[in-house]
Amino acid sequence: MSPKCPIIRKPYAPGKKGKKRPRPLSEYGKELREKQKLKNWYNLQERQFRNYVIAALEARKKVEDTAAFLIELLESRLDNVVFKLGFANSRAKARQMVSHGHFLVNDRPIDVPSYKVKIGDKISLKPVSVKKNAFRNLAAALKKYTPPSWLKLDAEKLEGKVQKLPTLEESAPPAEIASIFEFYSK
């Protein structure tokens, strides 16, 4: 028996056609990539995301900065606020927690992740949910956590409050918003 030879992996696909250089992305490809980045960042379906972008484009004449308005719409979703307050460690988990009805907004149960929170809204954990395994060590973890400046967190009571609207600079989205508007304007 011969000793095993290490497999040598080359940075390109096998065969004649594998050695071609990748083409640069087209303008459409760049716009699509930016749209996908932001859509996946907020954990949204295509139709939901398109509706937010179209709403921002329609409000173009009414608002000063359309990009900031789009980010304000996306950041003020209940699932995103729950994530930003530190109740969940990912937006997907925050969405699931909201869908399962673990949160109250102004002492009313809300189980719609896309619910738009407003200035002055109080988001709190249901008293029944505090006893669940997912939230057992939450109070201790929240004491070390600092939320964004537009949210106020009370770690003792497990509740947060929306103090002001989020800004584009605070949220720092990973995508170029202008190219997203260009993508949907076609």
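The values are calculated or read from the model by the stated rules, or taken from the named source; none is laboratory data. Remember, predicted model here, so these are calculated numbers, not experimental data. Note: ideal-geometry Cβ built from the backbone for every residue, glycine included; neighbour counts use all protein chains shown.
Taking segment 1-57, which residues are exposed (fewer than 10 other Cβ atoms within 10 Å of the Cβ) and either under 14 Å from the mean Cα position of the chain (by Cα) or within 24 Å of SER99 (Cβ to Cβ) (or both)? The answer is GLN45, ARG47.
Every residue, every condition in (1) out of contact with any strand residue (DSSP E or B) (no Cβ under 7 Å at 6 or more places or on another chain); (2) within 24 Å of LYS39 (Cβ to Cβ), yes or no:
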{"site": "ARG108", "(1), (2)": "yes, no"}
{"site": "VAL117", "(1), (2)": "no, yes"}
{"site": "LYS122", "(1), (2)": "no, no"}
{"site": "LEU125", "(1), (2)": "no, no"}
{"site": "LYS131", "(1), (2)": "yes, no"}
{"site": "ASN137", "(1), (2)": "yes, no"}
{"site": "ALA140", "(1), (2)": "yes, no"}
{"site": "THR146", "(1), (2)": "yes, no"}
{"site": "LEU151", "(1), (2)": "no, yes"}
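Taking every residue in segment 93-114 that is over 15 Å from LEU158 (Cα atoms) and in the same structural domain as VAL130 (by TED's automatic domain parsing) and pairing it with any residue that is buried (at least 17 other Cβ atoms within 10 Å of the Cβ) and of a type in the set (S, T, N, Q), at least 6 positions away or on another chain, the pairs with Cβ-Cβ distances below 7 Å are ARG95/ASN43.
Taking segment 58-73 as the search range and keeping residues that are in a helix (DSSP H, G or I) and free of Cβ contacts under 8 Å to residues at least 60 places away in the same chain, which one is surrounded by the fewest Cβ atoms within 10 Å (Cβ to Cβ)? Walk me through it before giving the result.
Taking segment 58-73 first, the residues in a helix (DSSP H, G or I) are 58-61, 66-73.
So of that shortlist, the ones also free of Cβ contacts under 8 Å to residues at least 60 places away in the same chain come out as 58-61, 69, 73.
Working: GLU58: 10, ALA59: 13, ARG60: 12, LYS61: 6, PHE69: 21, LEU73: 19.
Selected residue: LYS61.
When the helices (runs of 4 or more DSSP H) confined to segment 105-186 are screened for residues that are of a type in the set (A, V, I, L, M), those reaching at least 2 such residues are found at 138-143, 177-185.
Of everything listed in (1) over 19 Å from the mean Cα position of the chain (by Cα); (2) over 26 Å from ALA55 (Cβ atoms); (3) surrounded by fewer than 18 Cβ atoms within 10 Å (Cβ to Cβ), the single unmet condition for ASN106 is (2).
Determine whether ALA139 is free of Cβ contacts under 8 Å to residues at least 24 places away in the same chain and in contact with a Leu (Cβ under 8 Å, 6 or more places away or on another chain). Steps first, answer last, please.
Working: free of Cβ contacts under 8 Å to residues at least 24 places away in the same chain: yes; in contact with a Leu (Cβ under 8 Å, 6 or more places away or on another chain): yes.
It is true that ALA139 is free of Cβ contacts under 8 Å to residues at least 24 places away in the same chain and in contact with a Leu (Cβ under 8 Å, 6 or more places away or on another chain).
From LYS132, LYS126, LYS122, LYS118, grab the single residue that is touching a residue at least 12 places away in the same chain (Cβ under 8 Å), touching a Ser or Thr at 6+ places or on another chain (Cβ under 8 Å), more than 16 Å from PHE181 (Cβ to Cβ) and assigned by TED's automatic domain parsing to the domain that holds LEU151. Outline the logic, then answer.
On the way: LYS132 fails: touching a Ser or Thr at 6+ places or on another chain (Cβ under 8 Å); LYS126 fails: touching a Ser or Thr at 6+ places or on another chain (Cβ under 8 Å); LYS122 fails: touching a Ser or Thr at 6+ places or on another chain (Cβ under 8 Å).
Of the residues listed, the single one that is touching a residue at least 12 places away in the same chain (Cβ under 8 Å), touching a Ser or Thr at 6+ places or on another chain (Cβ under 8 Å), more than 16 Å from PHE181 (Cβ to Cβ) and assigned by TED's automatic domain parsing to the domain that holds LEU151 is LYS118.
If you go through segment 172-186 and keep only what is under 20 Å from the mean Cα position of the chain (by Cα) and hydroxyl-bearing (Ser, Thr, Tyr), you end up with SER179, TYR184.
Please work out if TYR28 is assigned to a helix (DSSP H, G or I) and closer than 17 Å to SER171 by Cβ.
No, not satisfied.
Does segment 65-79 contain at least one residue that is within 15 Å of LEU125 (Cβ to Cβ) and touching a strand residue (DSSP E or B) at 6+ places or on another chain (Cβ under 9 Å)? Checking segment 65-79: at least one residue is within 15 Å of LEU125 (Cβ to Cβ) and touching a strand residue (DSSP E or B) at 6+ places or on another chain (Cβ under 9 Å).
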